[in-house]
Amino acid sequence: MAEVKISAEVRSEFGKGAARRTRRANKVPAVIYGHGADTVHVTLPGHDLMMALKTANALISLDIDGRKELVIPKAVQRNAIRGHIEHVDLLAVKRGEKVTVEVAVHTEGELAPGANLLENVLNTLTVEAEATHIPESVTVSVAGLGAGDSIVAKDVPLPSGTTLVTDEDAVVIQVLAAQAEEPSAEEAEAAEGAEG
């Protein structure tokens, strides 16, 4: 995963009014915590942050007044209507340190012939990985699976250095047989009328 570099400024104003002023300047208020250090309040450039967060579990190298800090996003608050980032919580990490994150599960391949439906029971898996080598996602093959087949967490291939935290027997994907729709009362009466 690529490391994204963003310049940050220490924030000295707090409260709703200060946050609104920050957002009007196209900046995002953020909080950095972790490693038992004091919480640091910063502002980040809105566009740079939005671009960095397009990648799941982005590793961000912050330049805070000349001091470098490596962080990953932990919680992102977005405006419900416009979708703009309103606030972000960042977790300070160190190179070589293991972190627990959620990664998206993607599928590839074609199911066995027939009217089968693929159900993603879990869209993400919780894994532990080195902070600078967090996978963006994991991919599992569903090729040839038929109705009644399933894939559990321990069967999902993980990149080296990544360990599964999710219960290994948790069902991630299952294949269901398509259910025929029940005929409506009118269709059933019409069928009986045609028979009789």
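Whether any residue in segment 140-154 is modelled with pLDDT of 90 or more, under 30 Å from Leu62 (Cα atoms) and among the hydrophobic types (A, V, I, L, M, F, W, C) is what I want to check. Checked segment 140-154: no residue is modelled with pLDDT of 90 or more, under 30 Å from Leu62 (Cα atoms) and among the hydrophobic types (A, V, I, L, M, F, W, C). Can you confirm whether segment 31-43 contains a residue that is open to solvent by 40 Å² or more (accessible area, probe 1.4 Å), under 16 Å from the mean Cα position of the chain (by Cα) and either at pLDDT 85 or above or under 30 Å from Leu164 (Cβ atoms) (or both)? No.
Checked against (1) over 20 Å from Lys98 (Cα atoms); (2) open to solvent by less than 40 Å² (accessible area, probe 1.4 Å); (3) at pLDDT below 85, Ala58 passes all but condition (1).
Picking from residues in segment 76-96 that are within 18 Å of the chain's Cα centre (by Cα) and open to solvent by less than 40 Å² (accessible area, probe 1.4 Å), the one that is farthest from Asn57 (Cα to Cα) is Gly83. For segment 136-148, a residue qualifies if it is within 17 Å of the chain's Cα centre (by Cα) and open to solvent by 10 Å² or more (accessible area, probe 1.4 Å), and the qualifying residues are Glu136, Ser137, Thr139. Among the residues making up segment 161-178, those that are closer than 16 Å to Glu102 by Cα, outside any strand (DSSP E or B) and not aliphatic (A, V, I, L, M) are Gly161, Thr162, Thr166, Asp167, Glu168.
Within segment 118-136, one or more residues are touching a Lys or Arg at 6+ places or on another chain (Cβ under 9 Å), touching a residue at least 40 places away in the same chain (Cβ under 8 Å) and among the aliphatic types (A, V, I, L, M). The single condition among (1) modelled with pLDDT under 85; (2) in a strand (DSSP E or B); (3) open to solvent by 40 Å² or more (accessible area, probe 1.4 Å) that Met51 does not meet is (2).
Glu3 falls short on exactly one of the conditions (1) acidic (Asp, Glu); (2) modelled with pLDDT under 80; (3) more than 30 Å from Val156 (Cβ to Cβ), and that condition is (3).
Within segment 109-135, the residues that satisfy the criterion of being open to solvent by 50 Å² or more (accessible area, probe 1.4 Å) and in a strand (DSSP E or B) are Leu117, Leu118, Glu119, Asn120, Thr124, Glu128.
Among the conditions (1) modelled with pLDDT of 80 or more; (2) open to solvent by less than 80 Å² (accessible area, probe 1.4 Å); (3) at negative phi, Ala18 misses just one, which is (1). Taken over segment 164-196, the criterion of being loosely packed, with under 11 Cβ neighbours inside 10 Å and at pLDDT 90 or above is satisfied by Asp169 alone.
Taking first residues from segment 40-69 that are without any contact (Cβ under 8 Å) to a residue 24 or more places away in the chain and partners that are outside any strand (DSSP E or B) and of a type in the set (D, E, K, R), no Cβ contact under 7 Å between residues at least 6 apart in sequence or on separate chains turns up. Within segment 73-100, residues that are free of Cβ contacts under 8 Å to residues at least 60 places away in the same chain sit with their Cβ atoms under 7 Å from residues that are open to solvent by less than 100 Å² (accessible area, probe 1.4 Å) and of a type in the set (Ser, Thr, Tyr), at 6+ positions apart or across chains, in these pairs: Leu91/Tyr33; Arg95/Thr132.
The values are calculated or read from the model by the stated rules, or taken from the named source; none is laboratory data. Computed from a predicted structure; not experimentally measured. Note that each Cβ is placed from the backbone with ideal geometry, even for glycine, and that neighbours are counted across all protein chains shown. Keep in mind that these areas ignore ligands, DNA and RNA; they rest on the heavy atoms of the full protein, side chains included. Shrake-Rupley method; radii C 1.70, N 1.55, O 1.52, S 1.80 Å.
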